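Down below is the structure, laid out as structure tokens.
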Amino acid sequence: MNVVHVDTPGGSYPIHIGPGRMDVLDQCIPADATAIAVVTNPTIAALYGERAEAALARTGKRVLRIELPDGEAYKDWQSLNLIFDALLAQRLDRRCVLVALGGGVIGDMTGFAAAVYMRGVRFLQVPTTLLAQVDSSVGGKTAVNHPLGKNMIGAFYQPIAVEIDTDVLGTLPAREVSAGLAEVIKYGLILDPAFWSWCEENAQKLRALDPEAIAYAIRRSCELKAQVVGKDERESGLRAILNLGHTFGHAIESGLGYGAWLHGEAVGCGMVQAAELSADVAGFDRDDVARVRALVAAIGCPAVAPDLGADRWLELMQVDKKTEGGSIRYVLITRIGEAVTRTAPDDAVRAVLARTTQ
Ligand code: NAD
Ligand code: GLY
């Protein structure tokens, strides 16, 4: 088992990474917890619900399950309210613990519910997708979508621990693996040139979920994310670089309707677009843009964006948490392993859209 530590003003906690972690979830439940609510969806419940609950039942505490509908399209206020309905109906008090058993959608919604239920209860992240294991379960961003913008309603709220069972990736569809790999390569591109080159060399092993390669990729991703959120939990500066590809990617997701493209696919394609913009306005090497496009394709993500119309693209990109005073701020790469956040002229963005959409 590997352990990575996250230290933020809002909370410090371990990330445990290894096979079989699902069977020892009881070890993460504080002794004073009064009850445990497992928040999940029918897909994950069918695969891992009983195993997770059997482990949690060893605490001797009451364990209940809350199932939300599966999918990004349901990451909304209505689903969030289903959690509160169940917690209140079952009379869970403020010493209960919520367990997010699922991908980023379940993790983000459970975390947000934990942040506001009775003004804050503890929660445990048990991420079951690669994307959630390398990104969304770490760092305390929680949210639901709004029809006008992705993840617009939420809170910073840290879990008490992150339990990553690498075995569960075996049931993940190949498309979801590719989507998770987009966030993995993102860390190399913004922070770690050696990790980027390693991803280039190991792209096929990663897609095939080679145990050694995927375990290293998860650990390195968690280490890099922990370093960034440890320095800037609330995204007052540095943390924004973790959003590389997201300004373009979120426009794809909300423009096409949540769920049409997977979040990781949109981020992967968005990184190609951000790389193009970086070459035009931030001195990023054109040969390296080709490397970004090639690696995004090699991990199985789309590298050509949908044609939403340039005006609609710009309108969608305005609804971004990095937008300040009406100006869109983009994460740009100056060289592999180094990123900055800044504005770019609309004309430059239109030029990039013209050559990256179809
Ligand atoms: P997801 O949660 O929708 O899961 C993808 C699909 O895989 C779902 O159908 C799910 O039921 C299924 N699934 C989950 N685990 C499985 C398993 N082990 N075997 C088989 N099927 C499984 O999608 P995701 O990619 O995990 O997360 C995307 C979400 O994460 C987006 O809403 C995004 O905004 C959010 N996100 C948040 C952060 C953050 O910092 N909080 C970071 C990145 C992404
Ligand atoms: N996924 C972006 C962040 O956690 O800041």
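The values are calculated or read from the model by the stated rules, or taken from the named source; none is laboratory data. A quick note: this is a predicted structure, and the numbers were derived from the prediction, not measured. Neighbour counts are summed over all protein chains in view; Cβ atoms, including those assigned to glycine, are modelled from backbone coordinates with ideal geometry.
Search the stretch 63-107 for residues being farther than 24 Å from Gly259 by Cβ and part of a helix (DSSP H, G or I), and hand back the single one that is farthest from ligand 2 (Cβ to nearest atom).
Ala89
Would you say Leu209 is outside any helix (DSSP H, G or I) and in contact with a Gly (Cβ under 9 Å, 6 or more places away or on another chain)?
Working: outside any helix (DSSP H, G or I): yes; in contact with a Gly (Cβ under 9 Å, 6 or more places away or on another chain): yes.
It is true that Leu209 is outside any helix (DSSP H, G or I) and in contact with a Gly (Cβ under 9 Å, 6 or more places away or on another chain).
This table checks each residue for (1) within 16 Å of ligand 2 (Cβ to nearest atom); (2) under 30 Å from Ile153 (Cβ atoms).
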position: Met271; (1), (2): yes, yes
position: Val292; (1), (2): no, no
position: Val296; (1), (2): no, yes
position: Asp320; (1), (2): yes, yes
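May I ask you to list the residues in the stretch 227-243 that are more than 11 Å from ligand 2 (Cβ to nearest atom) and either buried (at least 20 other Cβ atoms within 10 Å of the Cβ) or not in a helix (DSSP H, G or I) (or both)? I'd like the intermediate steps shown before the answer.
Filtering the stretch 227-243 for residues more than 11 Å from ligand 2 (Cβ to nearest atom) gives 227, 230-231, 236-237.
Selection gives Ser236, Gly237.
What is the number of the single condition among (1) among the aromatic types (Phe, Trp, Tyr); (2) away from ligand 2 (no atom under 11 Å from the Cβ); (3) over 20 Å from Ala35 (Cα atoms) that Tyr117 does not meet?
Only one criterion in (1) among the aromatic types (Phe, Trp, Tyr); (2) away from ligand 2 (no atom under 11 Å from the Cβ); (3) over 20 Å from Ala35 (Cα atoms) is unmet by Tyr117, namely (3).
Are any residues in the stretch 117-133 more than 9 Å from ligand 1 (Cβ to nearest atom) and of a type in the set (A, V, I, L, M), and if so, which ones? Give the derivation first.
Narrowing the stretch 117-133 to residues more than 9 Å from ligand 1 (Cβ to nearest atom): 117-126.
Result: Met118, Val121, Leu124, Val126.
If I ask for residues that are part of a strand (DSSP E or B) and in contact with a Ser or Thr (Cβ under 7 Å, 6 or more places away or on another chain), which ones from the stretch 6-29 would you list? Spell out how you get there, then give the answer.
Within the stretch 6-29, the first condition is being part of a strand (DSSP E or B), and the residues that meet it are 6-8, 11-18.
The answer is Val6, Ile17, Gly18.
If the Cβ limit is 6 Å and pairs must be 6+ apart or interchain, which residue in the stretch 127-154 that is over 12 Å from Val105 (Cα atoms) pairs with which residue that is near ligand 2 (Cβ under 10 Å from one of its atoms) and part of a strand (DSSP E or B)?
Gly140/Phe156
Please work out which one of (1) over 26 Å from Pro193 (Cβ atoms); (2) modelled with pLDDT of 95 or more; (3) touching a helix residue (DSSP H, G or I) at 6+ places or on another chain (Cβ under 8 Å); (4) assigned to a loop (DSSP other than H, G, I, E, B) is the condition Asp307 fails and give its number.
(3)
Out of the residues in the stretch 119-149 that are at pLDDT below 95 and surrounded by fewer than 24 Cβ atoms within 10 Å (Cβ to Cβ), state the one that is farthest from Ile29 (Cα to Cα).
Of all residues in the stretch 119-149, those at pLDDT below 95 come to 145-149.
The next check asks that each one be surrounded by fewer than 24 Cβ atoms within 10 Å (Cβ to Cβ); those that pass are 146-149.
Working: His146: 32, Pro147: 35, Leu148: 37, Gly149: 35 Å.
It comes out as Leu148.
Restricting the first residue to the stretch 8-22 and requiring it to be on the phi < 0 side of the Ramachandran plot and exposed (fewer than 14 other Cβ atoms within 10 Å of the Cβ), which pairs with a second residue that is part of a strand (DSSP E or B) and among the aliphatic types (A, V, I, L, M) meet a Cβ separation below 8 Å and a spacing of at least six or different chains?
Ser12/Val6
Please name all residue pairs, on different chains or six or more residues apart, with Cβ atoms under 9 Å, provided the first residue is in the stretch 330-358 and is without any contact (Cβ under 8 Å) to a residue 40 or more places away in the chain and the second residue is buried (at least 17 other Cβ atoms within 10 Å of the Cβ).
Pairs found: Thr343/Ile328; Thr343/Arg329; Thr343/Tyr330; Asp346/Ile328.
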